[in-house]
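Have a look at the structure below before the remarks.
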Amino acid sequence: MSREATSRAGGTSRGTGGVQPPLLAVRGLRVSYGAAEVVRGVDLTVAPGETVALVGESGSGKSTTAHAVVGLLPRGGRRTAGEVVLAGEDLAAGGERALRARRGSDIGLIPQDPYLALNPVQRVGRQVAESLLIHGLADRAGARERAVELLAQVGFDQPETRARQYPHELSGGMRQRVLIATALAAGPRLLIADEPTSALDVTVQRQVLDHLERLTRDRGTALLLITHDLGVAADRAQRTVVMSRGEVVEAGPTNEVLGGPRHPYTRRLLAAVPSLAGPRLAAPRAARTPDGGPLVVADRLVKDFPLPRSAGGRRLRAVDGVSLTVARGETFALVGESGSGKSTTARIVMRLTAPSSGTVTFDGLDATALTGEPLRRLRRRMQIVYQSPYASLDPRFTVAESIGEPLRAFRVAGRRERARRAAELLERVALPASALRRRPAELSGGQRQRVAIARALALEPDLVVCDEPVSALDVSVQAQILDLLAELQRELGLSYLFISHDLAVVRQIAHRVGVMRDGRLVETGTTERIFDEPHHAYTEELLAAIPGRRTAGQPR
Amino acid sequence: MNGVNGVTRVAGTAPHQAPSPPAVTPEAGRLAARLGYWLRRPGLVLSVLVVGAVLTAAILPELFTSRDPLTGVPAEKLRGPSAEHPFGTDQLGRDLFARTVHGAALSLRATSLAVAVGLVAGSAMGLLAGALGGRVDDVLMRCADVLLAIPALLLSLAIVTALGFGTTRVAIAVGVTSVAGFARVMRAEVLRVRGTVYVEAAHAAGARRHSVLLRHVLPNAAGPVLVFAAVEFGAVVLAVSALSFLGYGAEPPTPEWGSLVSEGRDYLAGAWWLTTFPGLTIAATVLAANRIARAWEGEER
């Protein structure tokens, strides 16, 4: 397979059509961390003006490959073999000094997290100008002017004002555009973008990627786009390289690789991606119980957070008059972008946060004012699965202890009975009993999330609140967890309040959907209705922003 | 290729994103890694040896010397360091090396007691302040501020004057001065752990407050506090020695590091070894303890 992959990758790209030599050629690259080899013989070419997507799941070595190209491996990482040739010149030959001269001038790097990658105490204009000054491409005044121009080019409407602002005054999308401006400042021939939009909302992601695409096209810059999102690759890249476990498993024109994958790994990856067209997982709703009434009724919930005194003692209304119901055996999904108030709403329903006004009724019981012991008893009937399985399990607890904790808290079972139940629950979430004695650090992300689900099921609750339960996981793992949730609902008649920013996931799992924006529920309806005929303009905008809807890999 | 999606908002922060090298052959790899860790830190190896030697001296002084630290040979008084008396002898002809070795027990006992007082009292204070918050937090932490406002040596002098003389009392006095530090570290850790998702998850699972506090918060907050105890250890050796130097410690002729330095002071002009060797022993122990604490701190992170 690898020979075939190489031959497909090695050929000149169809997208650009020319027979020009590649701008960047990586041959037989190997990178090790200590004794472990994480990149094992990667070949990769990027032609001038071409966009190549490097896709793979976490741990596939895609980011490490990118960092090895610019010689910025983290501590402990070492390039053990292979060459990196930029425009006919071996980058490794000149050593660190030569490489430093290339970084920023010939190669621009757009880092992953816009919240971490800008210096918080420097004005953004200065940060954009920095690479010009470092490489002596402009004097102080010239660099300042150029920085403003660059900010205008990445789509800021008041670039002079923006240049004088600090990073904290900008939103995530704006910061990522500042970083793009910084990477483009010295006019590099190659741009490496490492998951440039993974930390951003879909609508913002689209804007940022649109800008990136336009700028690289206008300047003829080559772009190596590292992403875990096959939709982004399909939309933006002429060629796609798929990595798994440190090796390139498949490479070629995007429409061939993603349209007719040859390698089983690529096929698996594609099959796991939740799609807007494929089959849905949501079970046909369980037969309604005669006593009927909805399980959860939230009525006109409002949540205000006081802002710091420096903001003039104002309040931030995070949730603004949200009313919803969750029926028995139903999955109700709340979707929205970050800051829309969906998680706060879920936390109010869970009674982890008290609402400023409004009521929550659980199975006919007003839960709004409960505190102390009655509230604790209510917890028996509603449980929560958190977004990050890395944070939601006590690192010092074994799996058995974590799963047994709710049982212990309610004295449902003695020590031995708890261990037996924990083993049973583990089987339910398809983990081997041998995992009982392990600690979270010894488990993968997907396994941890299964443990968190098992813990939530321990008390046989009626409602499980799932707060972005799959967004920290790789697509293939994500698909498994969604399957598991759907199966558990069928068998146990659970109700889910499912929080997600990912519409494709929501379409798979939900019976009804509520779309949130700025603390308000703008639209509620059955999943079919919301996706097929959205009424609200914002819902339409959200649906349109989902990557992977353009004609795949067409040369542009 | 219709409708592919999946924005992973936390992809940047998820720990699994970092390349985690799986060990090739677990056993051999781990052993080699551990060996390499020590080989690259000769100072740490030396520190472990020093602290190990001091601990052994405290428990089994006979291993190091067969001489009696209390009986002197008048004919051999004030002899300089030699093969027979590596640290020399004092004004009564007692072997200084034997006295230093036997002094380790008392000095270390005082040090351990002092650290234990600070650790237990300070941790309890910090745990209460961090867990209860509000008024309790305010009152307890203002008390800690007051303790910190008085210079530590002055405070321990005042306490030991009130309590009376003796090694145990010196230890308690020094321990009290370190309470505030422990309280602050513990409170900060408790606040950090209380804010974690797994603590909220435990509450959401229906666990009671005290059970969450004892089963989740305390064990996860303990690490940095124990590291701080190791850091304090060195400082406490010094403080205990200082008080015993000032004459608040053990009754003569019982040897104790601080009082050894103090006794030698009268002969500083003619017999430099009487102050130098016990002094160097104290310095070596303090430095070694600090080096080990620093390494441990690095491991915790």
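The values are calculated or read from the model by the stated rules, or taken from the named source; none is laboratory data. Remember, it's a predicted structure, so these values are computed and weren't measured experimentally. Methodologically, a virtual Cβ is constructed for each residue, glycine included, from the backbone with ideal geometry; neighbour enumeration extends over all protein chains shown.
General remarks:
- Selection within the range A:408-450 - away from chain B (no Cβ under 12 Å), more than 15 Å from residue B:205 (Cβ to Cβ), of a type in the set (Lys, Arg) and in a helix (DSSP H, G or I): A:415, A:416, A:420, A:428, A:437, A:450
- Only one entry in A:65, A:80 is surrounded by fewer than 20 Cβ atoms within 10 Å (Cβ to Cβ), in contact with a strand residue (DSSP E or B) (Cβ under 7 Å, 6 or more places away or on another chain) and within 14 Å of another protein chain (Cβ to nearest Cβ), namely A:80.
- Qualifying residue in the range A:36-55 (condition: of a type outside the set (D, E, K, R), surrounded by fewer than 17 Cβ atoms within 10 Å (Cβ to Cβ) and assigned to a loop (DSSP other than H, G, I, E, B)): no
- Flag if residue A:471 is at the interface with another protein chain (Cβ under 10 Å from one of its Cβ atoms) and within 22 Å of the chain's Cα centre (by Cα): yes
- Selected residue [on the phi < 0 side of the Ramachandran plot, assigned by TED's automatic domain parsing to the domain that holds residue B:227 and crowded, with 17+ Cβ neighbours inside 10 Å] from B:137, B:145: B:137
- Residue within the range A:223-242 that is within 30 Å of residue A:139 (Cβ to Cβ) and crowded, with 22+ Cβ neighbours inside 10 Å present: yes
Condition check ((1) of a type outside the set (A, V, I, L, M, F, W, C); (2) more than 14 Å from chain B (Cβ to nearest Cβ); (3) not in a loop (DSSP other than H, G, I, E, B)) across all residues:
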residue	(1), (2), (3)
A:476	yes, no, yes
A:481	no, no, yes
A:484	no, yes, yes
A:491	yes, yes, yes
A:528	yes, yes, yes
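- Taking the listed residues B:198, B:248, the one that is more than 14 Å from chain A (Cβ to nearest Cβ) and either within 30 Å of residue A:454 (Cβ to Cβ) or of a type in the set (Phe, Trp, Tyr) (or both) is B:248, with no other qualifying.
- Identity of the residue in the range A:188-238, under 20 Å from residue A:254 (Cα atoms) and free of Cβ contacts under 8 Å to residues at least 12 places away in the same chain, that ends up nearest to the other protein chains (Cβ to nearest Cβ): A:210
- Odd one out for residue B:77 among (1) more than 28 Å from residue A:444 (Cα to Cα); (2) modelled with pLDDT under 70: (2)
- Of the residues making up the range A:367-397, those that are more than 7 Å from chain B (Cβ to nearest Cβ) and part of a helix (DSSP H, G or I) are A:372, A:373, A:374, A:375, A:377, A:378.
- Against the conditions (1) of a type in the set (A, V, I, L, M); (2) without any contact (Cβ under 8 Å) to a residue 60 or more places away in the chain; (3) in a loop (DSSP other than H, G, I, E, B), residue A:459 satisfies every one except (2).
- In the range A:328-354, the residues that are closer than 20 Å to residue B:198 by Cα reach residues that are of a type in the set (A, V, I, L, M, F, W, C) and assigned to a loop (DSSP other than H, G, I, E, B) with C-beta atoms within less than 9 angstrom, at least six apart or across chains, in these pairs: A:346/A:352; A:348/A:354; A:349/A:367; A:351/A:367; A:351/A:370; A:354/A:369.
- Criterion: farther than 28 Å from residue A:171 by Cβ, in contact (Cβ under 8 Å) with a residue 12 or more places away in the chain, outside any helix (DSSP H, G or I) and of a type outside the set (Gly, Ala, Ser) - qualifying residue of A:137, A:109, A:99: A:137
- Single condition residue B:64 does not satisfy, out of (1) crowded, with 16+ Cβ neighbours inside 10 Å; (2) of a type outside the set (S, T, N, Q); (3) assigned by TED's automatic domain parsing to the domain that holds residue B:191: (3)
- Restricting the range A:155-177 to residues that are in a helix (DSSP H, G or I) and under 18 Å from residue A:142 (Cα atoms) leaves a set whose member that is nearest to the other protein chains (Cβ to nearest Cβ) is A:162.
- Lone qualifier among A:193, A:234 - being under 22 Å from the mean Cα position of the chain (by Cα) and in a helix (DSSP H, G or I): A:234
- Among the candidates B:129, B:104, B:110, B:98, residue that is in a helix (DSSP H, G or I) and over 29 Å from residue B:273 (Cα atoms): B:129
- Test: residue A:74 is more than 23 Å from residue A:242 (Cβ to Cβ) and touching a His at 6+ places or on another chain (Cβ under 8 Å): yes
- Against the criterion of being within 14 Å of chain B (Cβ to nearest Cβ) and free of Cβ contacts under 8 Å to residues at least 12 places away in the same chain, residue A:532 qualifies.
- Of all positions in the range A:138-154, at least one carries a residue that is surrounded by fewer than 19 Cβ atoms within 10 Å (Cβ to Cβ), away from chain B (no Cβ under 14 Å) and modelled with pLDDT under 85.
- Condition check for residue A:522: more than 17 Å from the chain's Cα centre (by Cα) and among the β-branched types (Val, Ile, Thr): yes
- Boolean, residue A:400 is surrounded by fewer than 22 Cβ atoms within 10 Å (Cβ to Cβ), more than 9 Å from every other protein chain (Cβ to nearest Cβ) and not in a loop (DSSP other than H, G, I, E, B): yes
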